[in-house]
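Note sheet for the following structure.
The values are calculated or read from the model by the stated rules, or taken from the named source; none is laboratory data. Fair warning: this is a prediction, and the values are worked out from it, not measured in the lab. Reconstructed Cβ throughout: ideal geometry from the backbone, glycine too, with neighbour counts over all protein chains shown. Areas reflect the complete protein model, heavy atoms only, side chains present, ligands, DNA and RNA absent. Shrake-Rupley method; radii C 1.70, N 1.55, O 1.52, S 1.80 Å.
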Amino acid sequence: MAANEISARINVDVSEALTGLKAIQREAKKAAQALRELEATQRRVSVPTYEQRLEAAGAIDLRDNSRIIDLGNGYCRIEPINPTKRFKAEVSE
């Protein structure tokens with residue numbers, strides 16, 4: 001044997017390691033199944049959009065309907081020009 005070669009003989013019982021790996025694999029399969037079920041449920045349940053929630057809350061629409069009041073010292077207030085203009089969600093297909 002040359003001076004830069006190393007030879008080793010390893011006798012290891014790998015049955016415990018294989019048992020552990022199989023347990024990890026079972027848990028990973030369970031987690032993947034749970035994720036698939038969650039995704040399927042989310043597709044069935046309709047979650048309102050941010051715009052739909054604003055409309056449902058009766059929020060004032062400040063788009064092209066606001067003015068900025070300078071309060072001094074770096075502070076300002078945004079107020080609606082028409083406070084009766086309510087947010088309407090845009091319908092998208």
Debye log10 I(q)/I(0) at q = 0.17, 0.18, 0.25 Å⁻¹ for the chain, Cα point scatterers: -0.93, -0.96, -1.18
With Cα atoms, 0 to 90° folded angle of helix 15-44 axis to the chain main axis: 20
With every protein chain in place, the chain: carbon and sulfur % of accessible area (1.4 Å): 55
Spacing of the two label points (7 Å from each Cα toward its C-beta) at Leu71 and Ala17, in nm: 6.6
Accessible surface, the chain, averaged per residue in Å² (probe 1.4 Å): 95
